[in-house]
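Enquirer: Could you have a look at this structure, given as structure tokens, before my questions?
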Amino acid sequence: MTQAEIKLCSLLLQEHFGEIVDKVGAHILQTGSQPLRLISNDTGTPLDQVKKALCVLIQHNLVSYQLSKRGFVEYEAHHDRVLRILRYPHYIYTAKTLYGDTGELIVEELLLNGKMTMSTAVKKVADRLTETMEDGKAMDYGEVSSTFVRLVDTHFIYRCPAPLEPPEGAAAPAPVAPLLLTSEKDMYTVPKLSMIGKGKRRRSSDDDDDDDASEQQTKRQKKEADSKETLPDDGIYWQVNTERFHQHFRDQAVISAIANKMDQISSEIVRTMLRMSEVTTSSNAAHTQPLSSNEIFRSLPTGYNISKQVLDQYLSLLADDPLEFVGRSGDSGGGMFVINLHKALATLASATLESVVQERFGSRCARIFRLILRKRHLEQKQVEDFAMVPAKEAKDMLYKLLSENLVTLQEIPKTPDHAPSRTFYLYAVNILSSSRLLLQRCYKTVANLIERRLFETKENKRLLEKSQRIEAIIASMQATGAEEAQLQEIEEMITAPERQQLEALKRNVNRIDASENQVDETIFILESYISTSTKP
């Protein structure tokens, strides 16, 4: 792990879970696997607080534990999972796009809680949807359950590993660390639940006394405990399958690239091929399963009136395209075709590097970079001739790219003495190392954006608190049927300059959030390409 990754992980943990969890999580990320006592001593945190922090991190799949050879439990943090916190809004938005508001809230609840049983998630989502509906209407549990099952069937949600149960009648002592097992057969098997009922609205309890509230809370907790014992899915927990979401993001990036390079019909053909093989193809596969032209024709959407002959012409064009996103793998069934996922990711990573060079150094520098990328190896004189750039300008640009580690210089001596006059100097682009370099810069960028957002909110903390108090007063007065003049009087408690300051703050925070999402899209492309290139 680099310092940029550790810093970004620490900021994400602090923002979402607080200082204590950040201190414990960042320490494990820096030092590696450690036992409980050592974590407590090194961080100077009381043992009970460390335990609570580890419980939170384990609940959200950010830390795992294992039994060491010496017999004690060690805890290990996973930085890649911590970095995925940055992508949570993208997961939720994708679920909304594919499965509507119900799917959005299911994924949101699972991400907020780490792990949940299906019955608890269904009830929470139904209650939240009921709050947004008109009076007299409520969300049915059955509708939420059906959406949950659809998410599981498409592998966006999967079952958490369950602890190994001791055999019946055995009086063995409890293990030091429970052994968790994952059964591939049960991973996407939903238990049969007959959930009957509808979502409930939250009742206002402002007029109740504290004693009554605590008494009601005790009764509610007892009721929930009793209901948990009778639920058939007790102990069966579910979590979000981030790898499946990443597979969807990768497919969307490939489809978008085909649409930009060719046309909408070509992208729809590629979308159909990816949809046909999305469950059968693993997330780290080099290419999709081979599909025949006849299978693709039968699976095309009904809205596209494409004949078999036109489809074959499009497939031939895609297979002959220099991008090589689509490849041939046989001639049976009208021709067998695959999508080269690794090649597609490499092309997307190269395009990302090109755009970065153009934004930072200008179009002429981007032309030289693109030329070296296409020709693999070029001398300085060849760069000047092919790019049609003056010698002095080409030399300056090449050295600028070389100093930024975006191009490399390879020496090929003619004689053993490595004399400069008898040596070829070839410029080349190492896409993998350049992608790694750019990825680290992206991590630094996101960390800077988060720090800037925290600074902006801290500077205007008093004004934000005042605005929230006034909004709460107005909401309560509207609920009691206050007059418009009274509401306007309360609103005028915020002066015109303060209102302008609030609007400027909101605008800045929205811009920072949008920048974070844009940088995360670049991070995803680079991470996907690096992971596929370094796969053994």
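The values are calculated or read from the model by the stated rules, or taken from the named source; none is laboratory data. Model, not experiment: these values are computed from the prediction. Positions of Cβ are generated from backbone atoms using ideal geometry, with glycine treated the same way; all protein chains shown enter the neighbour counts. Ligands, DNA and RNA are stripped out before the accessible areas are found, and what is left, the full protein with its side chains, is counted by its heavy atoms. Shrake-Rupley method; radii C 1.70, N 1.55, O 1.52, S 1.80 Å.
Enquirer: Of (1) of a type outside the set (S, T, N, Q); (2) part of a loop (DSSP other than H, G, I, E, B); (3) on the phi < 0 side of the Ramachandran plot, Leu38 satisfies all except one. Which?
Expert: Unmet for Leu38, out of (1) of a type outside the set (S, T, N, Q); (2) part of a loop (DSSP other than H, G, I, E, B); (3) on the phi < 0 side of the Ramachandran plot: (2).
Enquirer: Just need a number here: residues in segment 469-513 that are exposed (fewer than 11 other Cβ atoms within 10 Å of the Cβ) and of a type in the set (Ser, Thr, Tyr).
Expert: 2
Enquirer: Further question on the same structure: Could you please find all residues in segment 344-366 being more than 20 Å from Glu521 (Cβ to Cβ) and open to solvent by 50 Å² or more (accessible area, probe 1.4 Å)?
Expert: Once the filter is applied, which keeps residues that are more than 20 Å from Glu521 (Cβ to Cβ) and open to solvent by 50 Å² or more (accessible area, probe 1.4 Å), segment 344-366 yields Ser363, Arg364.
Enquirer: Given the conditions (1) touching a Ser or Thr at 6+ places or on another chain (Cβ under 7 Å); (2) open to solvent by 50 Å² or more (accessible area, probe 1.4 Å); (3) at pLDDT 75 or above, report the number of the one that Arg201 does not fulfil.
Expert: For Arg201, the exception is condition (3).
Enquirer: Which condition number in (1) at negative phi; (2) without any contact (Cβ under 8 Å) to a residue 40 or more places away in the chain is the one that Gly44 fails?
Expert: (1)
Enquirer: Shifting gears a bit: Report yes if Thr302 is β-branched (Val, Ile, Thr) and touching a helix residue (DSSP H, G or I) at 6+ places or on another chain (Cβ under 6 Å), otherwise no.
Expert: Against the criterion (β-branched (Val, Ile, Thr) and touching a helix residue (DSSP H, G or I) at 6+ places or on another chain (Cβ under 6 Å)), Thr302 does not qualify.
Enquirer: Still on this structure: Check Thr31 against each of (1) open to solvent by 50 Å² or more (accessible area, probe 1.4 Å); (2) touching an Asp or Glu at 6+ places or on another chain (Cβ under 9 Å); (3) within 20 Å of Asn517 (Cβ to Cβ); (4) not hydrophobic (A, V, I, L, M, F, W, C) and name the one condition it does not meet.
Expert: So Thr31 meets the others, but not (3).
Enquirer: Let me ask something else about it. Restricting to segment 1-28, count the residues that are touching a residue at least 60 places away in the same chain (Cβ under 8 Å) and open to solvent by less than 80 Å² (accessible area, probe 1.4 Å).
Expert: Count: 10.
Enquirer: Hey, another quick one. Across segment 1-45, which residue is nearest to the chain's Cα centre (by Cα) among those that are basic (Lys, Arg) and under 25 Å from Ser68 (Cα atoms)?
Expert: Lys23
Enquirer: Kindly indicate whether Gln382 is more than 30 Å from Asp520 (Cβ to Cβ), of a type in the set (S, T, N, Q) and at pLDDT 85 or above.
Expert: yes
Enquirer: Here's something else I'd like to know. Could you list, in sequence order, the residues of segment 47-80 that are assigned to a loop (DSSP other than H, G, I, E, B), open to solvent by less than 70 Å² (accessible area, probe 1.4 Å) and either modelled with pLDDT under 90 or polar (S, T, N, Q) (or both)?
Expert: Result: Asn61, Ser68, Gly71.
Enquirer: Can you list residue pairs whose Cβ atoms sit under 8 Å apart, with the first residue in segment 504-530 being not assigned by the TED database to the domain that holds Ser355 and the second being of a type in the set (Phe, Trp, Tyr)? Count only pairs 6 or more apart in sequence or on different chains.
Expert: Correct list of pairs: Ile523/Tyr443; Phe524/Phe249.
Enquirer: I'm checking my understanding of the structure. Among residues of segment 81-137 that are of a type outside the set (Asp, Glu) and part of a loop (DSSP other than H, G, I, E, B), which one is nearest to Asp513 (Cα to Cα)?
Expert: Residue satisfying both the conditions and the ranking: Gly114.
Table: residues versus (1) open to solvent by 20 Å² or more (accessible area, probe 1.4 Å); (2) in a helix (DSSP H, G or I); (3) closer than 28 Å to Pro161 by Cα.
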| site | (1), (2), (3) |
| --- | --- |
| Asp233 | no, no, yes |
| Trp238 | no, no, yes |
| Asn260 | yes, yes, no |
| Ile265 | yes, yes, no |
| Arg275 | yes, yes, yes |
| Ser283 | yes, no, yes |
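To keep it simple, each residue is scored yes or no on (1) at pLDDT below 90; (2) closer than 30 Å to Phe17 by Cβ; (3) open to solvent by less than 50 Å² (accessible area, probe 1.4 Å).
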| site | (1), (2), (3) |
| --- | --- |
| Leu112 | no, yes, no |
| Met116 | yes, yes, yes |
| Ser119 | yes, yes, yes |
| Leu129 | yes, yes, yes |
| Met133 | yes, no, no |
| Ala138 | yes, no, yes |
| Gly142 | yes, no, yes |
| His155 | yes, yes, yes |
